[in-house]
Amino acid sequence: MKTVVSLLVLSVTLVTACQASPPPSPVPTATAAEADPFGAVRAHIEQLVAEGQVPSMAVAVARDGEIVWEEGFGLADRERATPATEHTPYPLASISKPLTATGLMILVERGLVDLDSPINDYLGPVKLQARVGDAAQATVRRVASHTAGLPLHSQHFYDHQPHRPPPLDETIHRYGNLVTAPGERYQYSNLGYGLLGYVISRVSGQSYADFMRQEVFAPLGMGHTSVHVGPGLEEGRAVKYTPAGALVPAYDSDSPGASAIYSSAHDLVRFAMFHLEDDVPGQRAILSHAAIDEMQYPSPETGPTRAWERQGSGCGLGWFLGVTEDGLRVMRHSGGTVGVSAVLALVPQEDLAVAVLSNTNSPWPDAILIEIVCPLLSRHPEEFLPPADRAADGPPFAPDPALVGSWEGLVHTYEGDVSLVLEIEGSGAVHVTLGERPGTCSLDGLATQLQSVSYQDTLPHFLSAGGGPFLRGWMRGELETADVNRGRPYKLWLELKLRGDVLNGSLIAFSQRELYTGPLAHWVELRKR
């Protein structure tokens with residue numbers, strides 16, 4: 001098992017994307033697999049529940065147009081002793097995205113949304129602001145494929161605390177900055193799918209929840225699926241728990257289109273079967289074959305995000321598309337946040353779909369997925385695991401001569417600007433002063449040193465690639481906004497690109513507490529002294 005010890009990996013749990021999978025169980029022998037192809041996996045899940053690794057798990061597998069295995073394990077609600085079943089609604093976190101993208105494509109096919117028009121055309125009075133590039137190039141398609149220039153973003157609001165999500169227009173006002181030019185790089189962003197949910201609501205004239213229920217869930221026969229916990233599903237839903245077993249308070253997000261859907265393993269695999277273009281009883285076609293295919297085409301501005309992926313991999317509309325060395329295509333999305341771990345994978349050439357859901361944040365759903373898929377496809381688990389010796393942070397930082405020197409400028413927050421000074425030494429040391437007055441800092445009045453400094457293009461931990469190189473690193477400091485303070489304690493992550501005589505990009509506040517509030521990005525621009 002790859003131990004998750006760094007904040008980098010924790011941050012990807014916020015945006016649902018980095019999988020650190022424990023070693024899967026050995027692939028069953030041919031004789032055992034023929035007798036019960038899922039027997040070994042079933043025993044492993046039962047062991048995980050018995051050991052307290054997960055409170056519960058639900059699994060569904062479909063092949064050749066039929067559900068061949070679906071089952072729940074453990075307790076969906078320990079306090080009420082509610083057993084998990086294949087029909088238990090689980091929070092999906094970021095697996096909400098392919099569902100939101102499906103709803104969006106319905107409006108595209110009706111001629112109400114143009115994928116290649118600026119998303120600002122469909123927003124309200126508050127628009128995205130292009131700090132770099134042209135906002136007109138931030139199209140709906142680019143937002144859906146995470147290439148519009150939006151930053152890393154997430155924000156949780158817990159029911160036991162007084163704060164509630166602001167209106168989407170206010171979220172756009174605070175965080176709707178294009179921090180790289182549209183099309184310049186791939187950067188996973190929950191904010192983008194929050195915007196797409198907002199577009200669905202504005203264009204359809206319905207709430208996002210009502211539209212998704214009427215136009216996606218009901219026609220596909222997904223009776224245990226809803227945005228948030230729908231009416232009639234409250235008693236049987238999966239309750240969220242921390243890895244230590246503590247109850248997680250209910251929470252909401254400022255970007256519901258990115259993460260607010262609940263669904264069961266049964267419903268989710270039916271959704272996958274629709275995207276495999278199977279003829280499923282009780283389903284009505286809501287998209288044409290052409291629209292389904294378009295969702296599965298990777299944007300040319302994206303590329304491989306995992307070690308096993310080859311040419312032709314990338315991000316489509318709501319789906320990650322991976323192509324193996326021998327040409328096998330895998331469509332997938334995962335979801336991970338406080339009290340949630342989930343994964344959905346489709347293999348079109350094999351007409352195979354697998355959904356694994358759990359109500360705590362852990363790497364086990366990904367491991368179970370590999371245990372299910374590999375025997376069915378006669379593959380070895382090692383093909384889908386990251387190299388054991390892979391360096392996490394790349395080579396030591398050796399600054400480009402153009403970077404060396406003193407840089408001064410501002411961090412822009414919705415509550416006002418904050419001064420920022422970087423001193424980049426030829427040795428690679430980077431000293432940072434963050435504060436309202438030149439020469440002051442929140443750390444005992446001294447500059448702090450940037451940690452884990454790198455200058456590279458791709459950063460798999462944050463699901464970002466291309467457009468670089470970027471100067472990156474951690475720092476301690478104070479960024480006094482109400483949103484950031486809700487997540488105390490926090491660390492600050494700096495990510496800047498050299499553009500002529502300017503360094504610009506983001507200062508991202510990462511909440512460090514167990515019930516974290518999320519990463520919040522703020523625009524930064526510095527000039528050389």
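The values are calculated or read from the model by the stated rules, or taken from the named source; none is laboratory data. Being a predicted model, the structure only gives us computed values, none of them experimental. Counting neighbours? That spans all protein chains shown, and the Cβs are built from the backbone with ideal geometry, glycine included. SASA here: full protein model, heavy atoms, side chains in, ligands and nucleic acids out. Shrake-Rupley method; radii C 1.70, N 1.55, O 1.52, S 1.80 Å.
Residue pairs whose Cβ atoms lie under 8 Å apart, sitting 6 or more positions apart in sequence or on different chains, and linking a residue in segment 49-72 that is in a loop (DSSP other than H, G, I, E, B) to a partner that is surrounded by fewer than 17 Cβ atoms within 10 Å (Cβ to Cβ) and among the acidic types (Asp, Glu), are Asp64/Asp351; Gly65/Asp279; Gly65/Asp351.
Here Ser288 fulfils each of the conditions (1) more than 21 Å from the chain's Cα centre (by Cα); (2) small (Gly, Ala, Ser); (3) modelled with pLDDT under 95; (4) under 22 Å from Val140 (Cα atoms) apart from (3). Taken over segment 62-95, the criterion of being β-branched (Val, Ile, Thr) and crowded, with 24+ Cβ neighbours inside 10 Å is satisfied by Thr88, Ile95.
Applying the criterion of at least 3 residues that are open to solvent by 60 Å² or more (accessible area, probe 1.4 Å) and over 21 Å from Tyr158 (Cβ atoms) to the strands (runs of 3 or more DSSP E) found wholly in segment 476-529 leaves 519-528. Within segment 399-410, residues that are of a type in the set (Ser, Thr, Tyr) sit with their Cβ atoms under 8 Å from residues that are surrounded by 14 or more Cβ atoms within 10 Å (Cβ to Cβ), at 6+ positions apart or across chains, in these pairs: Ser406/Val421; Ser406/Leu422; Ser406/Glu423; Ser406/Ile424; Ser406/Lys528.
All conditions but one from (1) touching a residue at least 24 places away in the same chain (Cβ under 8 Å); (2) touching a Ser or Thr at 6+ places or on another chain (Cβ under 8 Å); (3) not charged (D, E, K, R) apply to Ser288; the one that does not is (2). The residue list Arg185, Arg131 contains one member that is open to solvent by 40 Å² or more (accessible area, probe 1.4 Å), touching a residue at least 60 places away in the same chain (Cβ under 8 Å) and not acidic (Asp, Glu), which is Arg131. The set of residues in segment 190-237 being touching a Gly at 6+ places or on another chain (Cβ under 7 Å), under 21 Å from Val280 (Cβ atoms) and of a type in the set (Val, Ile, Thr) consists of Val216 alone.
Those residues that are touching a strand residue (DSSP E or B) at 6+ places or on another chain (Cβ under 9 Å) and surrounded by fewer than 23 Cβ atoms within 10 Å (Cβ to Cβ), I need them from segment 96-124; list them, please. Of everything in segment 96-124, those that are touching a strand residue (DSSP E or B) at 6+ places or on another chain (Cβ under 9 Å) and surrounded by fewer than 23 Cβ atoms within 10 Å (Cβ to Cβ) turn out to be Asp114, Leu115, Asp116, Ser117, Pro118. Residues of segment 231-256 that are open to solvent by 20 Å² or more (accessible area, probe 1.4 Å) and more than 15 Å from Asn361 (Cβ to Cβ): Pro231, Gly232, Leu233, Glu234, Glu235, Gly236, Arg237, Ala250, Asp252, Pro256.
Yes/no matrix, rows are residues, columns are (1) assigned to a strand (DSSP E or B); (2) farther than 22 Å from Val108 by Cβ:
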| site | (1), (2) |
| --- | --- |
| Gly282 | no, yes |
| Ile286 | no, no |
| Asp293 | no, no |
| Trp308 | no, yes |
| Gly318 | no, no |
| Met331 | yes, no |
| Ser334 | yes, yes |
| Ala345 | yes, yes |
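Here are the criteria: (1) assigned to a helix (DSSP H, G or I); (2) in contact with an Asp or Glu (Cβ under 8 Å, 6 or more places away or on another chain). Tell me which single one Ile368 does not satisfy. With (1) assigned to a helix (DSSP H, G or I); (2) in contact with an Asp or Glu (Cβ under 8 Å, 6 or more places away or on another chain) applied to Ile368, the lone miss is (2). Being among the charged types (D, E, K, R), under 25 Å from Gly336 (Cα atoms) and open to solvent by 10 Å² or more (accessible area, probe 1.4 Å) is a property that holds for Arg213.
Considered as a group, the residues in segment 269-280 that are of a type in the set (A, V, I, L, M) and assigned to a loop (DSSP other than H, G, I, E, B) include one that is nearest to Leu369 (Cα to Cα), and that residue is Leu276. Taking every residue in segment 501-516 that is over 15 Å from Asp483 (Cβ atoms) and pairing it with any residue that is acidic (Asp, Glu) and at pLDDT 95 or above, at least 6 positions away or on another chain, the pairs with Cβ-Cβ distances below 6 Å are Asn504/Glu525; Gly505/Glu495. Close Cβ contacts (under 7 Å, 6 or more residues apart or on different chains) running from residues in segment 346-372 that are open to solvent by 10 Å² or more (accessible area, probe 1.4 Å) to residues that are part of a helix (DSSP H, G or I) and among the aromatic types (Phe, Trp, Tyr) comprise Ile370/Phe384.
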